[in-house]
């Protein structure tokens, strides 16, 4: 005890002696920076990991990129500006592998033609090519990685998870995607797509990267568990039978009103015409 | 067919049969209630037969279905905003705190036998109820059935439409799911948009700040007691007036302003109307069974922090919502007060204005035309071109706003821009009705011309004749007499002519200015109409046709094919040789 006290006193004395040295201030600053940086690296949520992909995959991805993507995104994925200062294709530096996996994996990229919004279609590239493209793009700068399958595995979700996912969904998602995930309109011809028939991985990536009009729901906003719960809720809804019968698109009262007029009133007016067309027959006429 | 009327008296004298038990019971009841006389008169009451006269019946029967299913729902629904935790059968919401109203709606849907079916029938019936009232209203207007003496019944009908809409809105708000809560929040905003009294009205209705805990019980009282009571009373008044006025009928041989040609209530209409009730019930049950409506479990409990895309009111509130959606964001700031024209105009001014226009239509028309006569014979829409055009213009206005209310669904499903739809609608709601008015008026007038053509020159037989010079012409055959009678069974329009501005003593008429306006309107109302041909014109046309036929006297033993020479009706005629 006394020894440590003695030692600490001695160190303090030495430090104190050099505290007016010219290099003391920069040294303390450097130390502070090192500690902060090290702690941040150690403790911060790992959103920006870069997996070291092997050189071959990156090279293959680069080759594919130059053929299929560079015309809009630029040869080095730096983005192309239009004359008016808009974006022809945005820069892909730092978007991460998850963004590539979502955009290319759902067929949104490459776009069929420039339009207000990239539409979902059959993917142009196979899984290996998508992986290579993702590796190339993530080699340009750190960004979110493709999530591990354990992160979006809905089988491990309990019913409480599903219920909580529903709460998250109604709070964050229904305003654009509609209560049943049937999609909704956004300004100027853009729209929030429907969420039925979307794979769990792509849902996760969409929340993580915020494609097109969608805001980014980073892991600080919705934790990986929250994301998995939302996906579990949506998947549970897909499994649940339509209790009420034909869902009429699950878009709310507009389609219901249309059906009330076309099916309901249409058939009832038809019945009225039928009843009036069949006039009363008396027994006399039947004999004649 | 007139064959159904007995041609002679029976040959056997009437004999009293064995007194039956039913007869004895009826006599017992009649001795005490004295209903026989009334029943005898009313059970034989005659109603004319036409499909369009049954549209109001759809409304009546769907109202009965609403009462039946509604009573079932009241047995299970709890109009309470007490917070409870859901523990029912629907997995996705289990454990969530919610109001008792929403929980009981979920229980009706999942844990009450046939509850979901009843809920869905009830909701579909409500949609059909308001819709059938509306098409019934259109029928009454287009055929001129609202004219004297039926103006007050028109007013009652309009009030029924308003009450039906309010009843629907209160029902839509009861389950306390996300959609109904959003609707209530909108209603709260509408109230608060009224200057000065807005916030007081809102606090009065909600019992404090929105949403509070009073609104669901209050709406429930209105939904199951107050409005249905008013609806029942007014439906009764509507139908009593119908019986008192007697039903209108289409003109035709034997039909006058003083009789009703048709079938008696018992047994014919008892069977037809009774059968129609089961048809309506059946269709609504099928819809309730197969077509999902308002899946409350998918919306989740109401939470003022949440909203969903596709938040629309039920269809009958869609048009004010559309007006709200396309209204420019206009506000005036005066002495620290904001006047929200953007909400007031589409919600607080437009719908009441439209209702007033609707109610006043019969009175405005009667004033313009100066027609004080009673009308029991209907008019075809083409024979009142301006009237028809007025309603088509109103329908166009309504329809465009209606479509604007679904602008987001139109945008996503037709791949359009919601902004462009909004800009288009802002112009279309003003231009569309004018175009519709002009087209309809001219269309009606040309149909009137066509009627006169067929009266004077006969109907198109479809027989093409080739004459000796090689020219082709279509044969026209004279109309059957009954049809010609029906076409001409209408009055000539009489345009109001004001009396001279000053009387013989030079005293100016006190109503001169009003009369001038009225004369100008009447001239516009009737001015372009085509009047039916006069007797002299008809006779001249028929005479002309006979001479023409004489000129083309058929050959004896004419060749095959000449039976279609257009001198008589071709139905039943066939070629003698098969080709």
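General remarks:
- The residues listed here are A:169, A:179; of these, the one that is within 13 Å of chain B (Cβ to nearest Cβ) and within 16 Å of the chain's Cα centre (by Cα) is A:169.
- Number of the exception - residue B:147 against (1) part of a helix (DSSP H, G or I); (2) more than 23 Å from residue B:230 (Cα to Cα): (1)
- Any hit, the range B:492-507, residues being part of a helix (DSSP H, G or I), outside the structural domain of residue B:131 (by TED's automatic domain parsing) and within 28 Å of residue B:529 (Cβ to Cβ): no
- Helices (runs of 4 or more DSSP H) completely within the range A:63-152 that count 2 or more residues being in contact (Cβ under 8 Å) with a residue 40 or more places away in the chain and over 24 Å from residue A:186 (Cα atoms): A:96-105, A:127-140
- Those residues of the range A:58-77 which are closer than 13 Å to residue A:132 by Cα and touching a helix residue (DSSP H, G or I) at 6+ places or on another chain (Cβ under 6 Å), in sequence order: A:58, A:60, A:61, A:62, A:64, A:65
- Qualifying position, being touching a helix residue (DSSP H, G or I) at 6+ places or on another chain (Cβ under 6 Å), in the same structural domain as residue B:233 (by TED's automatic domain parsing), under 30 Å from residue A:240 (Cβ atoms) and at pLDDT 95 or above, among B:129, B:77: B:77
- In summary, residue B:282 fulfils each of the numbered conditions (1) surrounded by fewer than 16 Cβ atoms within 10 Å (Cβ to Cβ); (2) within 14 Å of another protein chain (Cβ to nearest Cβ); (3) at pLDDT below 95 with the single exception of condition (3).
- Some residue of the range B:245-256 being part of a helix (DSSP H, G or I) and in the same structural domain as residue B:322 (by TED's automatic domain parsing): yes
- Checking residue B:452 against (1) within 14 Å of chain A (Cβ to nearest Cβ); (2) in contact (Cβ under 8 Å) with a residue 60 or more places away in the chain, the condition it does not meet: (1)
- Selection within the range B:388-417: residues that are free of Cβ contacts under 8 Å to residues at least 24 places away in the same chain and surrounded by 21 or more Cβ atoms within 10 Å (Cβ to Cβ). The member of this set that is farthest from the chain's Cα centre (by Cα) is B:412.
Per-residue answers, yes or no, for (1) within 11 Å of chain A (Cβ to nearest Cβ); (2) crowded, with 21+ Cβ neighbours inside 10 Å:
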{"position": "B:273", "(1), (2)": "yes, no"}
{"position": "B:278", "(1), (2)": "yes, no"}
{"position": "B:301", "(1), (2)": "yes, yes"}
{"position": "B:326", "(1), (2)": "no, yes"}
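- Breaking point among (1) at pLDDT 90 or above; (2) loosely packed, with under 15 Cβ neighbours inside 10 Å, for residue B:245: (2)
- Answer residue from the range B:545-555, given it is modelled with pLDDT of 75 or more and either under 16 Å from residue B:484 (Cβ atoms) or in contact with a helix residue (DSSP H, G or I) (Cβ under 9 Å, 6 or more places away or on another chain) (or both) and is surrounded by the most Cβ atoms within 10 Å (Cβ to Cβ) among those: B:545
- Failed condition for residue B:118, given (1) within 14 Å of chain A (Cβ to nearest Cβ); (2) in contact with a strand residue (DSSP E or B) (Cβ under 6 Å, 6 or more places away or on another chain); (3) outside any strand (DSSP E or B): (2)
- Evaluated against (1) within 22 Å of residue A:216 (Cβ to Cβ); (2) within 14 Å of chain B (Cβ to nearest Cβ); (3) exposed (fewer than 15 other Cβ atoms within 10 Å of the Cβ), residue A:115 falls short on exactly one condition, (1).
- Restricting B:243, B:261 to residues that are out of contact with any helix residue (DSSP H, G or I) (no Cβ under 9 Å at 6 or more places or on another chain) and either in contact (Cβ under 8 Å) with a residue 12 or more places away in the chain or on the phi > 0 side of the Ramachandran plot (or both) narrows the list to B:261.
- Filter pass, residue B:25 being over 30 Å from residue B:108 (Cβ atoms) and modelled with pLDDT under 85: no
- So residue A:210, is it over 13 Å from the mean Cα position of the chain (by Cα), more than 7 Å from chain B (Cβ to nearest Cβ), more than 23 Å from residue B:91 (Cβ to Cβ) and surrounded by fewer than 19 Cβ atoms within 10 Å (Cβ to Cβ): no
- Among residues of the range B:476-491, those that are in contact (Cβ under 8 Å) with a residue 60 or more places away in the chain, buried (at least 17 other Cβ atoms within 10 Å of the Cβ) and either on the phi > 0 side of the Ramachandran plot or not in a helix (DSSP H, G or I) (or both), counted: 4
Table: residues versus (1) under 34 Å from the mean Cα position of the chain (by Cα); (2) away from chain A (no Cβ under 14 Å).
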| position | (1), (2) |
| --- | --- |
| B:28 | no, yes |
| B:40 | yes, yes |
| B:43 | yes, yes |
| B:54 | yes, no |
| B:81 | no, yes |
| B:114 | yes, no |
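- With respect to the conditions (1) within 14 Å of chain A (Cβ to nearest Cβ); (2) out of contact with any helix residue (DSSP H, G or I) (no Cβ under 6 Å at 6 or more places or on another chain); (3) in contact (Cβ under 8 Å) with a residue 60 or more places away in the chain, residue B:314 lacks only one, and its number is (2).
- Consider the range A:232-263 and keep the residues that are surrounded by fewer than 22 Cβ atoms within 10 Å (Cβ to Cβ) and part of a loop (DSSP other than H, G, I, E, B). The one that is farthest from the other protein chains (Cβ to nearest Cβ) is A:241.
- Test: residue in the range B:199-212 that is out of contact with any helix residue (DSSP H, G or I) (no Cβ under 9 Å at 6 or more places or on another chain), closer than 30 Å to residue B:73 by Cβ and part of a loop (DSSP other than H, G, I, E, B): yes
- Residues located in the range B:86-112, provided they are farther than 25 Å from residue B:62 by Cα, touching a helix residue (DSSP H, G or I) at 6+ places or on another chain (Cβ under 8 Å) and within 11 Å of chain A (Cβ to nearest Cβ): B:86, B:89, B:90, B:91, B:92, B:93, B:94, B:95, B:96
The values are calculated or read from the model by the stated rules, or taken from the named source; none is laboratory data. This one's a predicted model, so the numbers in the text were calculated from it and none came from an experiment. Please note: Cβ atoms are built from the backbone with ideal geometry, for glycine as well, and neighbour counts cover all protein chains shown.
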